[in-house]
1. Would you check if ALA55 is among the small types (Gly, Ala, Ser) and modelled with pLDDT under 95?
2. Pairs needed: first member in the stretch 120-148, closer than 29 Å to ARG252 by Cα and among the hydroxyl-bearing types (Ser, Thr, Tyr); second member anywhere, at pLDDT 95 or above and not in a loop (DSSP other than H, G, I, E, B); C-beta distance under 6 Å; at least 6 residues apart or different chains.
3. For GLY200, all conditions in the list (1) within 18 Å of the chain's Cα centre (by Cα); (2) surrounded by fewer than 22 Cβ atoms within 10 Å (Cβ to Cβ) hold save one; what is the number of the exception?
4. For the stretch 243-265, which positions are more than 24 Å from THR195 (Cβ to Cβ) and either modelled with pLDDT of 95 or more or touching a helix residue (DSSP H, G or I) at 6+ places or on another chain (Cβ under 8 Å) (or both)?
5. Applying the selection to the stretch 59-86, what residues are within 30 Å of LEU312 (Cα to Cα) and either acidic (Asp, Glu) or assigned to a strand (DSSP E or B) (or both)?
6. Could you check the stretch 330-364 and list, in sequence order, the residues that are out of contact with any Pro (no Cβ under 8 Å at 6 or more places or on another chain) and surrounded by fewer than 20 Cβ atoms within 10 Å (Cβ to Cβ)?
7. Does ALA276 fit the bill of being at pLDDT 95 or above, aliphatic (A, V, I, L, M) and either farther than 30 Å from ASP361 by Cα or more than 15 Å from the chain's Cα centre (by Cα) (or both)?
8. Please give the number of the condition THR57 fails out of (1) buried (at least 23 other Cβ atoms within 10 Å of the Cβ); (2) among the hydroxyl-bearing types (Ser, Thr, Tyr); (3) in contact with a Leu (Cβ under 6 Å, 6 or more places away or on another chain).
Amino acid sequence: MTRTLLTAILGTALATTALATGTSVAQPRSELQRDADAIRATGAVGVQARVSTKAGTTTAVSGVADVRTGAPVPADGFFRTGSSTKTFVATVILQLVGERKVSLDDSVERWLPGVVKGNGNDGRRITVRNLLQHTSGIHDDIPGPSTAAEYYAHRYDVVRGSELVRRAMTHQPDFQPGAGWNYSNTGYVLLSMITERATGRGWYDEVQARIIRPLGLRDTYWPGLRAGIRSPHAKGYQVYPGQNPTDVTIGREAYMAGGAGGFITTTADQTKFFQALIGGRLLRPAQLAAMQRTIPVAGQLAEIWPGARDGLGLFSRPLSCGGFYWTHNGDILGYMTRNGFTTDGRSAVVSVSTEPEDSFDHALAQDKAAANLIDHALCSTH
């Protein structure tokens, strides 16, 4: 939810633990460890990764949780997951579609009269499907600090979803509905609002009742106006131009992000959620098929993520060993999440407690190192 391209879409302590049949075995310098260290080498402060297969689970950490104390990164610590939150919101919307309470062809105007209008924006022409698949054309105008001083001045600000929509409406659309593709956080703010209108309850209450509680995701939550993160966690750092990494752990960015990126979770919980979703435990077959019906991403993101395709709250990316994996990455102030899941139960989740905003090249290097970890993990267990 910060303003870089990747985030808009977008002493060292080392430890690795393999878990199989309940036994913990040290595996120094495993491939997973090397890949976690490679992310750290791009300038990341801390990294935690989890790879799961039918044989068991392996975790690796690299870097530190706190640059001041040098405390080690927890192997399954809490982190802000950013836009991976969108998959939860998309799942709830598709559950409502399966219950015939919402239609993918419903217009935004049908649910939110008068909300999307002005400067060429027209909610009568934008559908729920457009919002889910980033084909609405709605332009993002998401505020975010560009210096440490701005972060400290605004970290406790409360920016509501309705204000984010109003900001978007001051811009002309990026394109007419259905005529292009461009990642839009505002689209998922609108989907959260539609969820509330269709159910009469808060979007998070619906996610809690339909997904978090049934799956037993005890470590996944939306903090609301609470500015901190539950322990244990690695502190989140933002790298602003010309400045040392800034500790941005405390703030209300998650509240502003809402259904577009506000969840806090762990690698274990994220694994459990996506495996349940892709395994068909959360959606009826027709709705899961709709979610996985993809189109190519466009613009610069198509160059950054070659071969990536976008479904309804779920992306696919090709594997170097053949086939593809399902994913939804996340970026928010201080934290980057990358993940990958296959239909046969393999998965990899990595949380990096650093968001580079000093240069595009730095952000791209960190993103590619994390993507390499995902690809190696999924291909080595193929």
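1. So ALA55 fits the description; yes.
2. These pairs meet every condition: SER136/ASN130; SER136/GLY187.
3. (1)
4. GLN243, PRO245, THR246, ASP247, VAL248, THR249, ILE250, GLY251
5. THR59, ASP76, PHE78, PHE79, ARG80
6. Result: THR342, THR343, ASP344, GLY345, PHE360, ASP361, LEU364.
7. Yes, satisfied.
8. (1)
The values are calculated or read from the model by the stated rules, or taken from the named source; none is laboratory data. Predicted, not measured: the structure shown is a model, and the values here were computed from it. Note that each Cβ is placed from the backbone with ideal geometry, even for glycine, and that neighbours are counted across all protein chains shown.
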